[in-house]
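To start, the structure under review is shown below, and the notes come after it.
The values are calculated or read from the model by the stated rules, or taken from the named source; none is laboratory data. Fair warning: this is a prediction, and the values are worked out from it, not measured in the lab. Cβ coordinates were reconstructed from backbone atoms using ideal geometry, including for glycine residues, and neighbour counts include every protein chain displayed. Each accessible area value is taken on the protein alone, full model and side chains, heavy atoms only, with ligands, DNA and RNA left out. Shrake-Rupley method; radii C 1.70, N 1.55, O 1.52, S 1.80 Å.
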Amino acid sequence: MNDKNSIIEIAKHTIEMESKAILNLSSLITNDFAEATQLIYNSKGRVIITGIGKSAIIANKIVATLNSTGTPAVFMHAADAIHGDLGLILEDDVVICISKSGNTPEIKVLLPLIKRAKNKMIAITGNTESFLGLHADFILNTYVEKEACPHNLAPTTSTTAQLVIGDALAICLLELRGFSSNDFAKYHPGGALGKKLYLRVQDISSVNEKPKVLPNTIIKDVIIEITEKMLGVTAVVENDKIIGIITDGDLRRMLSKVDDFSGLTAKDIMSANPKRIEAEAMAIDALEVMETNEISQLLVEENGKYAGVVHLHDLIKEGII
């Protein structure tokens, strides 16, 4: 059992077991799922999700997913609920109770209390004939034939099924709400994910130098401009409008072709009609343009006028890549 091949086989077997169980979940989706989703969508309250043991951990994750996709949700531990936390549940809240067996002692105590308050109850359970199944208003069936645990004891396949049903519920609600990437950005302002959703080109280019030369600028001054601004590029502008670009690569190619460049100007070596992007565009869109065209810099425009440079290194530094 300690050799690598055995470990790999066990891992593969576990994944295959759980994937089959997840695939089977689609056959267990009924009108109860649709009606429970509509209930939450139309509710004026929050979603209170409760469970105990490993189901409580899954409940926490589903709460996090719902909150981040526009559905207010709160976790309530089933054991704590019957010792004071039941006050979390308000009149318009919808309660989701997660339990594989549906017959744990805490659930049996908790359910009548919730029903007495007339809150609607959604069960996520693998046992539709359980105490939870029989007393819930809607049942989301997460039946699994067997746990991945060789002793069929440790919650593994069953908790995966609970998690997947929670994700399905969250995505259905997201679609019903028309939850957009802009909405998502409001809930995820931090980290690389948030930056991909809210960071704009001008947020980056505005802190960079703004290298520019005129069409008749001599090459020596072009080299000085590129060197001083340290972006490996300069825009060639006329009346504040971009007419070309000169990169480090353009200078190297020029030097490989001519020995005397004293008579050359920016217009002689620039690349006309360079790729550019609007200042208001998303930074992630700038990355796409760079990747598509295999370039490292983009000139930025605002209202048709030159507004700066965004560099691939800026996007890396911001965590966009």
How many residues, within segment 27-47, are closer than 16 Å to Pro72 by Cβ and out of contact with any strand residue (DSSP E or B) (no Cβ under 7 Å at 6 or more places or on another chain)?
-> 4
Top-ranked residue of segment 145-155 - restricted to ones that are open to solvent by 40 Å² or more (accessible area, probe 1.4 Å) and over 20 Å from Thr65 (Cβ atoms), ranked as modelled with the lowest pLDDT | Leu153
Scanning segment 54-71 for residues that are under 13 Å from the mean Cα position of the chain (by Cα) and without any contact (Cβ under 8 Å) to a residue 24 or more places away in the chain gives Ala64
Hey, can you tell me all the residues within segment 105-135 that are under 30 Å from Thr14 (Cβ atoms), in contact with a strand residue (DSSP E or B) (Cβ under 9 Å, 6 or more places away or on another chain) and part of a loop (DSSP other than H, G, I, E, B)?
-> Gly126, Asn127, Thr128, Ser130
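In the set Thr128, Thr142, which member is touching a helix residue (DSSP H, G or I) at 6+ places or on another chain (Cβ under 6 Å) and either open to solvent by 60 Å² or more (accessible area, probe 1.4 Å) or of a type in the set (Ser, Thr, Tyr) (or both)? Step through it out loud before you land on a result.
Numbers: Thr128 fails: touching a helix residue (DSSP H, G or I) at 6+ places or on another chain (Cβ under 6 Å).
Answer to the check: Thr142.
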Does Asp85 qualify as being of a type in the set (Asp, Glu), free of Cβ contacts under 8 Å to residues at least 40 places away in the same chain and surrounded by 12 or more Cβ atoms within 10 Å (Cβ to Cβ)?
-> yes
Residue satisfying condition, being open to solvent by less than 30 Å² (accessible area, probe 1.4 Å) and more than 17 Å from Lys210 (Cα to Cα), within set Leu251, Leu298, Leu264 | Leu251
How about segment 220-231: which of its residues are touching a residue at least 24 places away in the same chain (Cβ under 8 Å) and touching a strand residue (DSSP E or B) at 6+ places or on another chain (Cβ under 6 Å)?
-> Val222, Ile226, Leu231
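On the given criteria, is Ala21 in contact (Cβ under 8 Å) with a residue 24 or more places away in the chain, more than 25 Å from Glu147 (Cβ to Cβ) and open to solvent by less than 20 Å² (accessible area, probe 1.4 Å)?
Values: in contact (Cβ under 8 Å) with a residue 24 or more places away in the chain: yes; more than 25 Å from Glu147 (Cβ to Cβ): no; open to solvent by less than 20 Å² (accessible area, probe 1.4 Å): yes.
For Ala21, the condition - in contact (Cβ under 8 Å) with a residue 24 or more places away in the chain, more than 25 Å from Glu147 (Cβ to Cβ) and open to solvent by less than 20 Å² (accessible area, probe 1.4 Å) - is not met.
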Go through (1) of a type outside the set (A, V, I, L, M, F, W, C); (2) within 22 Å of Glu175 (Cα to Cα); (3) open to solvent by less than 30 Å² (accessible area, probe 1.4 Å) and name the single condition Lys44 misses.
-> (3)
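So that you can scan it fast, the table gives a plain yes or no per residue for (1) within 18 Å of Ala117 (Cα to Cα); (2) among the charged types (D, E, K, R); (3) surrounded by 16 or more Cβ atoms within 10 Å (Cβ to Cβ):
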| site | (1), (2), (3) |
| --- | --- |
| Gln38 | no, no, no |
| Ile49 | yes, no, yes |
| Ile58 | no, no, yes |
| Ile62 | no, no, yes |
| Ala73 | no, no, yes |
